[in-house]
Amino acid sequence: MEKCYLCPRNCGTDRAAGELGFCREGDSIRIARYSLHMWEEPLISGKRGSGTIFFSGCNLKCEFCQNRVISHGSKGESISVERLCEIMLELQSMGAENINLVTPTHFADKIAEALREVKKDLSIPVVYNTSSYEKVDTLRMLDGLVDIYLPDYKYFSDELALKYSFAKDYRMIAEAAIAEMFRQTGSVLIENGIMKKGIIIRHLVLPSCRRDSIAVLERISELLPKDNILVSVMSQYTPEFAIKADTKHKELRRAITSFEYSSVSERAISLGLDGFFQEKSSATSEYTPDF
């Protein structure tokens, strides 16, 4: 951590000395919550829940983030690598279907250290739940340690990526990262209705961004073998988080329309993409964890 280059921001900050880069995190792992979580895709949550660990801070900081109290704010508790191992085993003992590492990028080195220690004691898959704003070199530290990747593919347009996530290079970075994730896991493996290995690419439909969402799906259909991955088209955009952030982007102040979501979903079907669609009723803060 003398010079942090874990993510594509390449801040080069000395986190060990207390310097803070874009993620606003120091040298210690910080988590905001760990629990059984029922609101992931059915293959992830199952009947017993996904053992989610929400990490504090974020290297992307989207304008509309529903977890902004931890991604943009200072909410969280510092823990050691040893304590992270204990939490994973505790979640397993609670009956978790998997260990779900949420927004882990800026702690990837320490997560890899923990997984190298605890993996032999885990009988459930490890899930890496990410924005996809990842460096391939960082992901390679996790090769053989992560079983399932849940990457976002947020934007096709560089302009939208800059506008909402301050990352004009998002698409280029995300595509390289997703390709590396697929290289590591290979095809989706499902046993007894629970995912054991593979990749689910998530895309959140945003208001006024229907055409960009369709472009994302078309690109996904070109990027990886469609029969070997799953895609989750999400309707859960909730404008209240953008409003609370006093966003200057007026289009983010409304929910997506049924037309916007159905047209994106129909394109996913026409492309032959297999996976999941959300009910429009999911667009509520009731499904956001209380941090």
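Every number in this text was worked out from the coordinates using simple rules, so none of it is lab data. These numbers were taken from a predicted model, which means no experiment stands behind them. Methodologically, a virtual Cβ is constructed for each residue, glycine included, from the backbone with ideal geometry; neighbour enumeration extends over all protein chains shown.
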- line: Once normalised by the length of the range 40-199, the mean sequence separation of its alpha carbon contacts under 8 Å that are 6 or more apart gives a contact order in percent of 23 percent
In the range 1-42, the GluC sites (Glu not before Pro) that fall in loop regions by DSSP, at most 11 other Cβ within 10 Å: Glu2
Sparsely packed trypsin sites (Lys or Arg not before Pro) within the range 1-75, loop by DSSP, other Cβ within 10 Å at most 10: Lys47
Under 11 Å, Cβ to Cβ, from Leu224 - net charge with Lys/Arg +1 and Asp/Glu -1: 0
- prompt: With no solvent and one point per C-alpha, what does the Debye sum give as log10 I(q)/I(0) for the range 119-218 at q = 0.13, 0.14 Å⁻¹?
  reply: -0.50, -0.57
query: Relative contact order, percent, of the chain when contacts are C-alpha pairs under 8 Å separated by at least 6 residues?
result: 15 percent
- request: Kindly provide log₁₀ I(q)/I(0) values, in the same order as q = 0.08 Å⁻¹, from the Debye equation applied to equal alpha-carbon scatterers of the chain.
  value: -0.31
- prompt: For Asp246, Asp121, Asp152, Asp212, what's the fewest-to-most ordering of other Cβ within 10 Å of each Cβ?
  reply: Asp246, Asp121, Asp212, Asp152
query: What's the local net charge at Tyr5, with K and R +1, D and E -1, over the other residues with C-beta under 10 Å away?
result: +2
field: Share, in percent, of DSSP beta bridges within the chain that are antiparallel, nearest 5
entry: 35 percent
message: Could you work out how much longer the chain between Lys226 and Lys47 gets when fully extended? Use 0.36 nm per residue separation minus the Cα distance between them, nm to one decimal.
response: 61.7 nm
field: Flagged links, alpha-carbon separation over 28 Å, of Lys154/Lys197; Lys135/Lys197; Lys163/Lys196; Lys168/Lys196; Lys75/Lys163
entry: Lys163/Lys196; Lys168/Lys196
The range 109-154 versus the range 55-70: alpha-carbon centroid distance in Å: 19 Å
message: If I model a spin label as a point 7 Å beyond the Cα along the Cα-Cβ vector, how far apart are those points for Ser187 and Glu86 in nm?
response: 4.3 nm
query: Which net charge results for the neighbourhood of Tyr128, defined as the other residues with beta-carbon distances under 10 angstrom from its beta-carbon, given Lys and Arg at +1 and Asp and Glu at -1?
result: -2
message: If I take R0 = 22 Å and measure r between the Cβ atoms of Ile269 and Lys163 in this structure, what FRET efficiency does the formula 1/(1 + (r/R0)^6) give, to the nearest 0.05?
response: 0.15
- prompt: Using alpha carbon centroids, what distance separates the range 165-207 and the range 251-279, in Å?
  reply: 18 Å
task: Please give the contour-minus-distance gain from Glu279 to Lys244: 0.36 nm per residue of separation, less the Cα-Cα distance, rounded to one decimal in nm.
output: 10.2 nm
